[in-house]
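Have a look at this one.
The values are calculated or read from the model by the stated rules, or taken from the named source; none is laboratory data. A quick note: this is a predicted structure, and the numbers were derived from the prediction, not measured. Note that we place each Cβ from the backbone using ideal geometry, even for glycine, and neighbour counts take in every protein chain shown.
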Amino acid sequence: MLLLVTFAPIVAAVLIMLGLPARTTALAASALTLLTSVLLFFGFDSIAPGFQFVFTIPISTELRLNFALGVDGLSLLMILLGAIVLLAAVWFTGEIEHHENAFYACLLLIAGGAIGAFASLNLFFFYAFHELALIPTFLLIGIWGTGNRRAAAWKVTIYLALGSVILLVGLIMLYRAVPSSARSLDLRVLQAAASAGQIAPAMQSSIYLVLLIGFGTLISLVPFHTWAPEAYASAPAPAAMLHAGVLKKFGLYGLLRLALPLLPDGARHWSGLLLVLLLANIIYIGLVTIAQRRLDWMLGYSSVMHMGYIFLGIASANILGTTGAAILMFAHGLSIALLFAITGEIRKRVPSLDFDAMGGLAKQMPLAAFAFGLGVFAAIGLPGFSNFAAEIMVVFGAFRNGFNYQHFHIFQWAAFLALWGVVISAVYMLRAYRRAFFGSSPEPEVVVADIRSGFRFPIALLVAASILFGFFPQIAVQRIAPAFRNYFTASQ
């Protein structure tokens with residue numbers, strides 16, 4: 001089943017390029033991927049230790065290289081996110097005027113690359129699957145994007161390529177840090193070596209910093225963030241849904257999977273720097289988001305801003321904070337995918353996404369207004385949505401990190417300052433919602449058609465998943481927490 005969920009999108013992309021009907025094949029592969037991921041998620045044994053559904057093919061004994069897939073609660077939640085957003089993105093795509101087969105194939109390759117990276121137990125394939133998804137991202141923005149799409153495509157490619165090169169250096173350093181007798185690309189072997197203390201604390205600091213820069217560039221951590229807003233504003237809506245909602249989570253997943261558990265001393269050494277940078281993501285980028293005058297750029301900057309909260313959960317280095325970070329990755333992926341999807345439909349119907357040129361769309365687009373409102377409420381952390389439950393866990397986890405100190409510790413100050421980001425996000429999201437959908441239209445004679453009723457299914461899928469994990473976060477917590485139990489003490 002894990003092999004199926006990993007390769008169904010990739011095989012479907014190849015078949016589409018060979019001539020099969022693009023939309024039908026993509027929908028079938030997406031539905032199969034989602035169905036299989038749901039079966040894996042609810043078939044996962046939250047009590048059993050280690051990775052489950054493991055599938056291994058030996059490749060080279062000399063190089064100690066094998067193709068290995070396996071999941072724990074963390075990777076399983078990310079795979080489920082990728083499957084949900086993939087189906088929603090394909091459903092929202094509709095007909096493409098030119099090179100339709102290539103467009104759908106690129107979408108499937110992005111999702112397949114992300115899911116493959118989440119499922120990989122080997123560092124080589126963990127990296128290779130992510131690289132597989134970068135080329136389709138460049139093509140989707142450069143060929144089918146809007147605005148200054150070519151410049152945006154090259155900018156995102158250069159940034160992500162540099163981030164990937166730095167990440168590769170960090171992975172090589174991690175591989176060589178282990179004694180030659182225990183050296184392996186298998187993640188399980190590296191975890192055992194780290195647990196045995198075979199990675200020297202002096203080396204952990206430099207390796208963690210390189211990994212933080214590499215992953216941070218892919219995630220849009222300040223100051224490596226400038227590629228993201230322009231890329232998402234220029235990308236076709238389905239591409240923005242998949243990249244901002246799923247592929248961007250690769251870097252966060254890598255920090256939770258590799259940097260934090262394998263290099264705890266390095267993470268502790270650079271925790272102060274990470275807190276400063278993540279607060280810049282929350283406060284500084286939040287204020288920049290308020291200043292935006294276009295809906296698509298506002299959503300692009302908001303995606304960068306919300307990464308700060310996930311970094312805060314990672315920096316907390318305890319079960320509560322990191323579990324909240326994992327759930328927030330899932331929750332943010334759902335909400336931002338919904339917002340980009342509706343924005344893409346609005347772009348097709350109005351002459352400009354500038355706030356000054358919009359207004360009163362709720363009268364002519366009630367379904368779009370309702371769906372966008374749900375996405376806004378989820379993004380600002382309204383109770384009942386998974387974003388709320390995750391952000392509560394992140395803030396409490398970060399605040400709890402400082403309980404061993406008599407006075408306010410740096411983590412507690414960071415948690416306190418991060419709370420202002422909730423206010424900032426409410427300001428820019430609700431203001432954008434009001435300006436786009438309510439009030440008087442600057443061109444009242446223009447007739448705008450609502451989005452098709454057929455889009456109710458992907459909207460319901462994204463919203464239902466967010467509400468399910470918002471009211472019942474223990475469904476995810478029971479599966480994720482054991483993944484971190486080996487790294488943090490129960491008292492935390």
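Return a yes/no flag: does the stretch 147-166 have any residue that is hydroxyl-bearing (Ser, Thr, Tyr), surrounded by fewer than 19 Cβ atoms within 10 Å (Cβ to Cβ) and farther than 15 Å from LEU247 by Cβ.
Looking for residues that are hydroxyl-bearing (Ser, Thr, Tyr), surrounded by fewer than 19 Cβ atoms within 10 Å (Cβ to Cβ) and farther than 15 Å from LEU247 by Cβ, one finds none in the stretch 147-166, hence no.
Let me ask something else. Can you work out which of the residues in the stretch 87-109 that are of a type in the set (Asp, Glu) and touching a residue at least 60 places away in the same chain (Cβ under 8 Å) is surrounded by the fewest Cβ atoms within 10 Å (Cβ to Cβ)?
Residues of the stretch 87-109 of a type in the set (Asp, Glu): 95, 97, 100.
Filter once more, keeping what is touching a residue at least 60 places away in the same chain (Cβ under 8 Å): 95, 100.
On the way: GLU95: 8, GLU100: 17.
Filtering the stretch 87-109 for residues that are of a type in the set (Asp, Glu) and touching a residue at least 60 places away in the same chain (Cβ under 8 Å), the one surrounded by the fewest Cβ atoms within 10 Å (Cβ to Cβ) comes out as GLU95.
Go over the candidates SER386, SER316 one by one and state the one that is crowded, with 24+ Cβ neighbours inside 10 Å and under 17 Å from the mean Cα position of the chain (by Cα). Please lay out each step first, then the result.
Values: SER316 fails: under 17 Å from the mean Cα position of the chain (by Cα).
Of the residues listed, the single one that is crowded, with 24+ Cβ neighbours inside 10 Å and under 17 Å from the mean Cα position of the chain (by Cα) is SER386.
Could you tell me how many of the residues in the stretch 168-183 are in a helix (DSSP H, G or I) and out of contact with any Leu (no Cβ under 8 Å at 6 or more places or on another chain)? Explain how you work it out, then say what you get.
Applying the first criterion (in a helix (DSSP H, G or I)) to the stretch 168-183 yields 168-177, 180-182.
Subset that is out of contact with any Leu (no Cβ under 8 Å at 6 or more places or on another chain): 168-169, 172-173, 176-177, 180-182.
The number of residues fulfilling the criteria is 9.
Return the pairs, sorted by first residue and then second, in which the second residue is basic (Lys, Arg) and surrounded by fewer than 16 Cβ atoms within 10 Å (Cβ to Cβ), the first residue lies in the stretch 137-154 and is free of Cβ contacts under 8 Å to residues at least 60 places away in the same chain and more than 16 Å from GLY344 (Cα to Cα), the beta carbons are less than 6 Å apart, and the residues are 6+ apart or on different chains.
From residues that are free of Cβ contacts under 8 Å to residues at least 60 places away in the same chain and more than 16 Å from GLY344 (Cα to Cα), the pairs are GLY142/ARG150.
If you take the residues of the stretch 19-54 that are aromatic (Phe, Trp, Tyr) and more than 21 Å from the chain's Cα centre (by Cα), which of them is nearest to PHE484 (Cα to Cα)? Working first, answer last.
First, the residues of the stretch 19-54 that are aromatic (Phe, Trp, Tyr): 41-42, 44, 51, 53.
Now narrow it down to the ones that are more than 21 Å from the chain's Cα centre (by Cα): 42, 44, 51, 53.
Values: PHE42: 19, PHE44: 16, PHE51: 12, PHE53: 19 Å.
Within the stretch 19-54, the match that is nearest to PHE484 (Cα to Cα) is PHE51.
Same structure, new question: If I ask for residues that are at pLDDT below 90 and on the phi > 0 side of the Ramachandran plot, which ones from the stretch 188-220 would you list?
GLY197
Here's another thing I want to ask about it. Just for the stretch 413-423: of the residues that are over 21 Å from the mean Cα position of the chain (by Cα) and of a type in the set (A, V, I, L, M), which one is nearest to LEU273 (Cα to Cα)? First the steps, then the outcome.
Initially, the stretch 413-423 is screened for residues over 21 Å from the mean Cα position of the chain (by Cα), giving 413-417, 419-420, 423.
Then drop every residue that is not of a type in the set (A, V, I, L, M), which leaves 414-415, 417, 419, 423.
Details: ALA414: 12, ALA415: 15, LEU417: 15, LEU419: 19, VAL423: 24 Å.
Among those that are over 21 Å from the mean Cα position of the chain (by Cα) and of a type in the set (A, V, I, L, M), it is ALA414.
I've got another one for you. Please go through (1) over 19 Å from the mean Cα position of the chain (by Cα); (2) more than 30 Å from ALA200 (Cα to Cα); (3) not hydrophobic (A, V, I, L, M, F, W, C) for TYR232 and return the number of the only condition it doesn't satisfy.
Unmet for TYR232, out of (1) over 19 Å from the mean Cα position of the chain (by Cα); (2) more than 30 Å from ALA200 (Cα to Cα); (3) not hydrophobic (A, V, I, L, M, F, W, C): (1).
Yes or no: the stretch 254-262 includes at least one residue that is touching a helix residue (DSSP H, G or I) at 6+ places or on another chain (Cβ under 8 Å), surrounded by fewer than 24 Cβ atoms within 10 Å (Cβ to Cβ) and outside any helix (DSSP H, G or I).
Within the stretch 254-262 (the criterion being touching a helix residue (DSSP H, G or I) at 6+ places or on another chain (Cβ under 8 Å), surrounded by fewer than 24 Cβ atoms within 10 Å (Cβ to Cβ) and outside any helix (DSSP H, G or I)), the answer is no, since none of the residues qualifies.
Go through (1) at pLDDT 85 or above; (2) touching a Pro at 6+ places or on another chain (Cβ under 9 Å); (3) farther than 18 Å from GLY373 by Cα and name the single condition SER386 misses.
Looking at each condition in turn, SER386 falls short on (3).
Name every residue in the stretch 136-148 that is in a helix (DSSP H, G or I) and either modelled with pLDDT under 90 or under 16 Å from SER220 (Cα atoms) (or both), in order of residue number. Full working, then the answer.
The initial filter retains those residues of the stretch 136-148 that are in a helix (DSSP H, G or I), namely 136-144.
Residue satisfying the conditions is THR137 alone.
Separate question: Of (1) within 18 Å of SER220 (Cα to Cα); (2) more than 14 Å from the chain's Cα centre (by Cα); (3) in contact (Cβ under 8 Å) with a residue 60 or more places away in the chain, ALA341 satisfies all except one. Which?
(1)
Hey, among the residues in the stretch 1-41 that are over 23 Å from ILE135 (Cβ atoms) and in contact with a Ser or Thr (Cβ under 8 Å, 6 or more places away or on another chain), which one's modelled with the highest pLDDT?
Result: LEU4.
Moving to a separate point now. For the stretch 57-86, name all the residues that are closer than 30 Å to ILE16 by Cα, touching a residue at least 40 places away in the same chain (Cβ under 8 Å) and over 16 Å from the mean Cα position of the chain (by Cα).
Correct list: ASN66, PHE67, ALA68, LEU69, GLY70, VAL71.
What number of residues within the stretch 196-220 satisfy the criterion of being under 23 Å from the mean Cα position of the chain (by Cα) and not in a helix (DSSP H, G or I)?
1
Would it be correct to say that PHE129 is under 17 Å from LEU15 (Cβ atoms) and either crowded, with 24+ Cβ neighbours inside 10 Å or without any contact (Cβ under 8 Å) to a residue 60 or more places away in the chain (or both)? Can you show your working first?
Working: under 17 Å from LEU15 (Cβ atoms): no; either crowded, with 24+ Cβ neighbours inside 10 Å or without any contact (Cβ under 8 Å) to a residue 60 or more places away in the chain (or both): yes.
Answer is no for this residue.
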